[in-house]
Amino acid sequence: MNFFFRKLLWLTQRRDKQAELRRELQFHLEEEAEERQERGLAENEARWAARREFGNVSLVEEATRDEWGWTRLEQLARDALYGLRQLRRNPGFSAIAIATLALGIGGITAMFSAFDVVLIRPLPYADADRLVMIWDDMGKTDVTSRHQPTPAEWIEWRRLIHRSRDQLYG
Amino acid sequence: MNRTAPSRVEFLQGTLDLLILRTLLAGPTHGHAIAKHIQRTSEELLQVETGSLYPALHRLEARGWIAASWELSNKGKRARFYRLTRLGRKQLVAERSKWEAFSHAMALILNPADREIQ
């Protein structure tokens with residue numbers, strides 16, 4: 001079991017580990033007091049001396065607990081929660097901020113999507129630069145007189161196109 | 001060589017971990033005994049603060065270098081015993097040679113100065 005999984009496991013056992021740590025430190029204090037008693041101190045005095053030498057129990061507990069978890073990650077989570085609370089406290093400002101961000105991100109995304117398809121991404125077939133559009137021209141000058149060919153016309157043109165290819169691309 | 005014996009030596013960064021691993025090489029034991037052993041063996045020069053001992057023990061446990069279990073102490077009380085794991089043994093060897101190289105280098109630099117003074 002590696003570092004990551006052990007810490008994950010400890011995260012689920014947090015309450016048990018807390019009690020366990022307390023017992024562990026309690027044992028240290030008792031052991032220290034007993035040792036002093038053996039050296040001739042009265043029981044009460046020995047207990048106090050052990051406590052004095054130990055220092056601040058809850059500080060030791062806290063420093064040890066820090067080794068169990070992801071201190072940095074937990075701080076990040078706390079900061080995020082704090083941010084959320086601030087947003088909820090000031091809904092008007094939050095709404096404007098969120099709307100601004102949403103519009104900004106949406107606008108940029110739409111623009112880039114179009115930009116990407118039109119200018120960056122190549123057309124999904126070979127020789128895209130040789131693409132031509134063919135139409136039937138009823139009048140001579142008017143653009144609106146152009147019509148799309150019918151399938152029959154298209155087939156006929158395709159037969160002819162082999163001959164006129166050089167003219168078309170020339 | 002004229003040396004003034006300091007009453008207490010500060011722990012260098014990372015040395016406590018090495019001392020804990022070395023202490024556990026003798027067999028599993030609890031935090032209090034580890035602290036006392038380091039203190040006694042160093043002729044009271046090293047004082048292990050609980051505020052660094054227990055975080056170090058739990059850090060080493062998280063790394064998998066030592067493993068903990070509740071056992072009965074020699075006075076018959078339940079205590080959290082730590083023992084060296086296979087990984088911890090490897091780590092001890094690595095840390096130890098690193099430390100020896102470091103202290104050798106320090107000695108090389110410090111000792112010629114002593115000779116010059118004499």
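The values are calculated or read from the model by the stated rules, or taken from the named source; none is laboratory data. Remember, it's a predicted structure, so these values are computed and weren't measured experimentally. Quick reminder, even Gly has a Cβ in these numbers, built from the backbone with ideal geometry, and neighbours come from all protein chains shown.
Table: residues versus (1) touching a Gly at 6+ places or on another chain (Cβ under 9 Å); (2) closer than 29 Å to residue A:69 by Cβ; (3) part of a helix (DSSP H, G or I).
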site: B:17; (1), (2), (3): no, yes, yes
site: B:23; (1), (2), (3): no, yes, yes
site: B:27; (1), (2), (3): no, no, no
site: B:59; (1), (2), (3): no, yes, yes
site: B:82; (1), (2), (3): yes, yes, no
site: B:102; (1), (2), (3): no, no, yes
site: B:106; (1), (2), (3): no, no, yes
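Just to be sure before I move on: is residue B:39 part of a helix (DSSP H, G or I) and touching a residue at least 60 places away in the same chain (Cβ under 8 Å) in the structure I sent? It would help to see each step written out before you state the result.
Details: part of a helix (DSSP H, G or I): yes; touching a residue at least 60 places away in the same chain (Cβ under 8 Å): no.
No.
So residue A:88 fits all but one of (1) more than 14 Å from chain B (Cβ to nearest Cβ); (2) in contact with a helix residue (DSSP H, G or I) (Cβ under 8 Å, 6 or more places away or on another chain); (3) modelled with pLDDT under 90; (4) more than 24 Å from residue B:33 (Cβ to Cβ); what number is the exception?
(3)
Which one is farthest from the other protein chains (Cβ to nearest Cβ) among residues in region B:52-95 that are more than 17 Å from the chain's Cα centre (by Cα) and among the charged types (D, E, K, R)?
Restricting to residues being more than 17 Å from the chain's Cα centre (by Cα) and among the charged types (D, E, K, R), the top hit is B:86.
Under 8 Å by Cβ, and 6 or more places apart or on different chains, what pairs join a residue from region A:11-25 that is more than 8 Å from chain B (Cβ to nearest Cβ) and within 10 Å of residue A:61 (Cβ to Cβ) with one that is of a type outside the set (Ser, Thr, Tyr) and assigned to a helix (DSSP H, G or I)?
As it stands, the answer is A:18/A:65; A:22/A:61, since those pairs meet every condition given.
In this structure, is residue B:46 of a type in the set (A, V, I, L, M, F, W, C), closer than 20 Å to residue A:7 by Cβ, without any contact (Cβ under 8 Å) to a residue 60 or more places away in the chain and outside any strand (DSSP E or B)? Give the steps one after another, and end with the answer.
On the way: of a type in the set (A, V, I, L, M, F, W, C): yes; closer than 20 Å to residue A:7 by Cβ: no; without any contact (Cβ under 8 Å) to a residue 60 or more places away in the chain: yes; outside any strand (DSSP E or B): yes.
For residue B:46, the condition - of a type in the set (A, V, I, L, M, F, W, C), closer than 20 Å to residue A:7 by Cβ, without any contact (Cβ under 8 Å) to a residue 60 or more places away in the chain and outside any strand (DSSP E or B) - is not met.
Could you tell me which numbered condition residue B:16 fails, if it satisfies all but one of (1) within 23 Å of residue A:58 (Cβ to Cβ); (2) out of contact with any Asp or Glu (no Cβ under 6 Å at 6 or more places or on another chain); (3) within 11 Å of another protein chain (Cβ to nearest Cβ); (4) of a type outside the set (Phe, Trp, Tyr)?
So residue B:16 meets the others, but not (3).
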